[in-house]
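*Asks:* Sending over a structure as structure tokens; questions will come in a sec.
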Amino acid sequence: MPLYSYKKKPIGVQKRILTAISYTTMTIGALFLFWSFYPVVASEMYNRIFIQSDVLAPVPGNQANSVERGLAVKGTQQAFSTNLVDYTKASAWFIDSGNLDIHAYSSDIKEYTLSIPKLAIEDARVVVAGDDLLKGLIHYLPENPPGINGTVNIFGHSTTPALAKIGDYKERDDYKSIFTYLPTLEIGDSFYVTVDTVRYTYEVYDRVIIRPDQISALEPKYDTSYINLYTCVPLGSYAKRLQVKARLKASPI
């Protein structure tokens, strides 16, 4: 018969509470990390599977000279760094886009509206030659208004779906979420542009993912009237640009 025996001390109520709090805290932390990164990862996977990628850059990153990389630290070369770059400004979205051969804009039209029924966007303001993406969609580097043979490039801000409040552009004049669901537009979908009282119908015919140094995407075509819609992807990041291409579908009404 043993002289001694070991009897495990029952776990006290206080220790049970501390253990429960620890597991709860870890679970909440894991869920928070999942909530933070899932939209970006999911957006990138969707783009790779369903949207064509055309990401050949004119100047590969490994050929950038030391001056360009030095400027990147100051945020003046977005191809290499997002440091200090304000992406709520349309002028920061593409590198050296000012070098494009764009004819002077001669129209008196300074604003018009865009409606995309599939995205629940109705009469959103488009500012011609504007820069502040928090206050409106931006008609970037204007050459001609919609409805005329040529190309119109419209930029719109986006965020992660968890943070998106699409109706804010109407309720609070806040456009930071307006193009969050632009990746869901598909070939064959239609949207509408109203210039003064004239309404034009455009139909999506292509979607591509491009890099911010691929400024050739902004070059105009003149065989018909085109509108390209842009936002940053993956959602919640600024690494690439989604370009949704559309052409004039119907006569104005």
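*Asks:* Of all residues in the stretch 131-151, count the ones that are under 17 Å from the mean Cα position of the chain (by Cα) and either assigned to a loop (DSSP other than H, G, I, E, B) or among the aliphatic types (A, V, I, L, M) (or both). Don't jump to the end; show me each part of the working.
*Replies:* Here is the first cut: in the stretch 131-151, the residues under 17 Å from the mean Cα position of the chain (by Cα) are 131-140.
Subset that is either assigned to a loop (DSSP other than H, G, I, E, B) or among the aliphatic types (A, V, I, L, M) (or both): 131, 133-138.
Total satisfying the criteria: 7.
*Asks:* Still on this structure: Here are Glu186, Glu203: which of them is in contact with a strand residue (DSSP E or B) (Cβ under 8 Å, 6 or more places away or on another chain), in contact (Cβ under 8 Å) with a residue 12 or more places away in the chain, assigned to a loop (DSSP other than H, G, I, E, B) and not small (Gly, Ala, Ser)?
*Replies:* Glu186
*Asks:* If only one of Val208, Val204 is buried (at least 21 other Cβ atoms within 10 Å of the Cβ) and either touching an Asp or Glu at 6+ places or on another chain (Cβ under 6 Å) or under 15 Å from Phe155 (Cβ atoms) (or both), which one is it?
*Replies:* The conditions single out Val204.
*Asks:* Tell me which of these Asp196 doesn't satisfy, since it passes every other one: (1) over 17 Å from Ile109 (Cα atoms); (2) surrounded by fewer than 20 Cβ atoms within 10 Å (Cβ to Cβ).
*Replies:* With respect to (1) over 17 Å from Ile109 (Cα atoms); (2) surrounded by fewer than 20 Cβ atoms within 10 Å (Cβ to Cβ), Asp196 is out only on (1).
*Asks:* Being surrounded by 14 or more Cβ atoms within 10 Å (Cβ to Cβ) and either basic (Lys, Arg) or touching a residue at least 40 places away in the same chain (Cβ under 8 Å) (or both) is the filter here, so list the residues in the stretch 102-117 that pass it.
*Replies:* Ile102, Ile109, Lys110, Tyr112, Thr113, Leu114, Ser115, Ile116
*Asks:* Does Tyr192 satisfy the condition of being within 11 Å of the chain's Cα centre (by Cα), part of a strand (DSSP E or B) and touching a residue at least 60 places away in the same chain (Cβ under 8 Å)?
*Replies:* The answer is no for Tyr192.
*Asks:* Here's a follow-up. So in the stretch 80-97, with the set limited to residues that are in a loop (DSSP other than H, G, I, E, B) and either of a type in the set (Val, Ile, Thr) or in contact with a Gly (Cβ under 8 Å, 6 or more places away or on another chain) (or both), which one is modelled with the lowest pLDDT?
*Replies:* Here the answer is Phe80.
The values are calculated or read from the model by the stated rules, or taken from the named source; none is laboratory data. Every value quoted in this text rests on a predicted model; they were computed, and no experiment measured them. Every residue, glycine as well, gets a Cβ built from its backbone with ideal geometry; the counts of neighbours run over all protein chains shown.
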